[in-house]
Amino acid sequence: MGHLLSKNGYRLKKRTRKLNHRKKKKRNCFLQGPCMLCFIVHSNSSGLDDDSHLEASINGNGCRHNSVTGISVPVVGGVGIGAAAASKFAERYVTLGPPEDCSKFLLSPRELALWEGQGRSLLSAVPAKLIPPPALFRTAGVSVTLPIPVPVPVPGCTSDYTEMVGSRRVLSHLTVKERCLCASLVCKYWRDLCLDFQFWKQIDLSGLQQVNDDLLVKIASRRQNVTEINISDCRGVHDHGVSSLASHCPGLQKYTAYRCKQLGDTSLLALAAHCPLLVKVHVGNQDKLTDEALKKLGEHCSELKDIHLGQCYSITDEGVVALARGCPKLQRLYLQENKMVTDQSMRAVAEYCPELQFVGFMGCPVTSQGVIHLTALRNLSVLDLRHISELNNETVMEVVRKCRKLSSLNLCLNWSINDRCVEIIAKEGRSLKELYLVSCKITDHALIAIGQYSSTIETVDAGWCKDITDQGATQIAQSSKSLRYLGLMRCDKVNEETVERLVVQYPHIVFSTVMQDCKRTLERAYQMGWSPNTSNTS
């Protein structure tokens, strides 16, 4: 008390504050806040995946400090609850199967009761619209706003088991950012749940410019059960980081890396060598990828079902053919503006991949001679043939006749498509629901034929078709029983007064024009609370 009464007491107090302030360590958070991702990356231990690195020490208050979670938890009977829970996670999570097995892995009722007591007072700070509460926290006064499935009680399990499963399902609806910045800060119980292995199997880092190779290496070394990762638009990630991730995560199944132009063949070669269970590879807009990477995928990844190679300009027919031969289970193939992919690739995918359901060759130099081979794909449901320079009407009509499961057909930017072709499509496309005809050579007769002959088409986009008039728009709205969307963007011969009348007469149909889209945008803004202010700019 002496220094408080002296005239230098305030100065001493201020000096002490400065010293304490200097001791604080600053860390660059990947999500601009004290988040779970930083906690995993910056921690010295290798996480919950390896129970051999769990360390605990009892402090003077009767609590045990967990070096993995960095939090102090009560000691019950000489056992730290956090360490015990983490140990159970490490030992039993790998063998977790049906709900009956979960009762052997979850925390005991006594442990859950302790977590409940600590977290009840903090839950009121959570945004209700973000995190609906499980039954464990209903007394906190937070309303449920998301339709969360009710957990089915397992015979022989306590109600706490059902509540914990409900909490895990609640958190599964949140993104990585929401779990890191919101849910993990609620209480120690939820922080522990956010470290659950199940939530870190799928990691979405897309758009985070702070992500680099070091981060991927640390995540891979601590979370070896990763099955899905998205690093789209992460400019700081290079081949070394992806290769390290692949070597540590042999169970990786889904890999997404759009617009990572700095990546080359090395990353995909490592993924193919170390991750034979890959089912999805989306690497659009990577200029450095070549046929070597596709050949390796074809050799080692026979389970591959979904691949996106749009705007990978160095890929040729050689790589696509090798991929098709080695991946007979392929169901989705998308190519866009791959200038060295020709009819040979189309012939190969039709021959070696009979299970294909989604095929896209937008802007590729293919012709009708290659497209005709797609008639062999009996399961084809989505076909994207935008901007094919040499595509004739007869080929399109034959594909629609033979592919009876076709539900979506995109023919935009093909000036050769005319009214007769659209009429045959309307007659023969018994399963067709979506038809895109932007900037095609069609008139009112095409729209009238769709309304007259098709009972399944729900979406028609005829934007930028200069010969569409009020007559075509009115008759398709009158005659079609299935139509739900009609795109008339920049159809300048369709009067806005006609569209306004159609909107009133057929409220079940969405009419898309410049004016109608602007009105809908304003309506959504008002619903979200926006109101025009009185500033000069407005």
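A few remarks follow.
- 5 angstrom amide H check on Val510, placed H, neighbours 5+ away: Tyr485, Leu486
- Dipole axis of the range 286-435 (+1 Lys, Arg; -1 Asp, Glu on Cβ), positive-most option in Ser431, Val349, Leu374: Ser431
- Amide H contacts of Ile203: Glu228, Ile229, Asn230, each under 5 Å away and 5 or more positions distant or on a separate chain (H built 1.01 Å from N in the peptide plane; Pro and chain starts excluded).
- For the range 453-468, Karplus couplings with θ = phi - 60° (6.51, -1.76, 1.60), whole Hz, Gly/Pro x: 9, 9, 10, 10, 5, 9, 10, 10, 10, 10, x, 6, 9, 5, 9, 7
- A simple rule links phi to the HN-Hα coupling: the Karplus curve 6.51 cos²θ - 1.76 cosθ + 1.60 with θ = phi - 60°, which for the range 305-319 gives 10, 9, 9, 10, 10, x, 6, 9, 6, 8, 7, 10, 4, 4, x Hz, with x for Gly and Pro.
- Computed 3J(HN,Hα) for the range 363-375, one whole-Hz value per residue from the Karplus formula 6.51 cos²θ - 1.76 cosθ + 1.60 where θ = phi - 60°, is x, 7, x, 9, 10, 4, 5, x, 5, 4, 5, 5, 5, glycine and proline marked x.
- Per-residue SASA entry for Thr521, accessible area with 1.4 Å probe, Å² rounded to 10: 80 Å²
- Its residue count N sets the reference 2.2 N^0.38 Å, and the alpha-carbon radius of gyration of the range 419-528 equals 1.03 times that reference.
- Charged side chains reduced to their Cβ positions (Lys and Arg at +1, Asp and Glu at -1) give the range 419-528 a dipole of some 260 debye around its Cα centre.
- Measuring against 31 Å, Cα to Cα, the residue pairs Lys280/Lys466; Lys296/Lys441; Lys305/Lys339; Lys288/Lys405; Lys402/Lys441 contain Lys280/Lys466; Lys296/Lys441; Lys288/Lys405 as the ones spanning a longer distance.
The values are calculated or read from the model by the stated rules, or taken from the named source; none is laboratory data. Note that the structure is predicted; figures quoted are calculated from it, not measured. Cβ sites come from the backbone with ideal geometry, for glycine too, and all protein chains shown count toward neighbours. Note: accessible area is taken over every heavy atom of the protein model, side chains too, but ligands, DNA and RNA are not part of it. Shrake-Rupley method; radii C 1.70, N 1.55, O 1.52, S 1.80 Å.
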